[in-house]
Amino acid sequence: MKKEQWLPVPDYGDKYEISDRGRIWSRHCNRLLCPFTDADGYLKICLYKQGKRKAFRVHRLVALAFIPKSENDYDVHHRDGSRDKNHVDNLEWREAFHGVVEENLMILDAKSGELVYYCFTYKQAEEFTGISANLIKNAVETGVQPKCKWRFEVF
């Protein structure tokens, strides 16, 4: 296994460092910080700057520090679909997400499998269900469905 690499957290480099494995070190406290899991299943961490706290998703900090980004890149994608695996080798930048589905998106009843609604964008699905467009997109791409009354498929 290669040695863990550490880089300053962008815009917070004098106080924090992030590793290529997704671990965050506080220079001020001289310790590793413990992330928490947000409602969408991503690991988040709170960083402080000039007395103000801001929460960040860990995978985004890893990508900002370690992966070159083009001007069109916006989303950080977990290659294996696992939101808690923030190792740099599991992350990649993707172009800006506009909510476009290549095919029609079906929203099905999770229990009966009956068609409830169909739409053409993840944003429309978000408006109908109240579930974030990114979570719906991830469910379609990985097949891992959110624990709710709907199931999402393309046709």
**OP:** Could you list which residues have their amide H under 5 Å from that of VAL116, counting only those 5 or more apart in sequence or on another chain, with H placed in the peptide plane?
**Re:** ILE107, LEU108, ASP109
Original post:
What is segment 100-154 by shape, rounded, prolate or oblate, if you read a ≥ b ≥ c off the alpha carbon gyration tensor as root eigenvalues and call it rounded for a/c under 1.5, prolate for a/b larger than b/c, and oblate otherwise?
Top reply: rounded
**OP:** Please determine, in degrees from 0 to 90 and to the nearest 10, the orientation of helix 133-142 with respect to the longest principal axis defined by the Cα atoms of the chain, where the helix direction is its Cα long axis.
**Re:** 80
**OP:** Mind running the shape call on segment 1-83? Use the C-alpha gyration tensor, a ≥ b ≥ c as the square roots of the eigenvalues: rounded below 1.5 for a/c, prolate if a/b tops b/c, oblate otherwise.
**Re:** rounded
Original post:
What is the order of CYS148, CYS119, fewest Cβ neighbours within 10 Å to most?
Top reply: CYS148, CYS119
Subject >> Two-site label geometry, TRP6 and ARG27: point separation in nm, points 7 Å out along Cα→Cβ >> reply: 1.0
Subject >> VAL116, VAL88, VAL62 arranged by Cβ crowding within 10 Å, fewest neighbours leading >> reply: VAL116, VAL88, VAL62
**OP:** Can you tell me the dipole magnitude for the chain around its Cα centre, using point charges on the Cβ only (Lys, Arg +1; Asp, Glu -1), in Debye to the nearest 20?
**Re:** 1000
**OP:** Arrange PHE56, PHE152 by Cβ neighbour counts within 10 Å, fewest through most, would you?
**Re:** PHE56, PHE152
Original post:
Between VAL9 and residues 5 or more places away or on another chain, which pairs have amide H atoms under 5 Å apart, with H built 1.01 Å from N, and which residues are they?
Top reply: TYR16, GLU17, ILE18
**OP:** Convert each backbone phi in segment 33-48 into a coupling constant with the Karplus relation 6.51 cos²θ - 1.76 cosθ + 1.60 (shift: θ = phi - 60°), then list the ³J(HN,Hα) values in order as whole Hz, x for Gly and Pro.
**Re:** 8, 9, x, 10, 9, 7, 4, 8, x, 8, 7, 10, 9, 9, 10, 10
**OP:** Return the single residue from ASN30, ASN134, ASN90 with maximal mean-square fluctuation; model: Gaussian network over the chain, springs between Cα atoms under 10 Å.
**Re:** ASN30
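Values quoted throughout were computed directly from the atomic coordinates according to the rules given, and no laboratory measurement underlies them. No experiment lies behind these values; they were computed from the predicted model shown. No Cβ is skipped: glycine too gets one built from the backbone with ideal geometry, and neighbour counts run over all protein chains shown.
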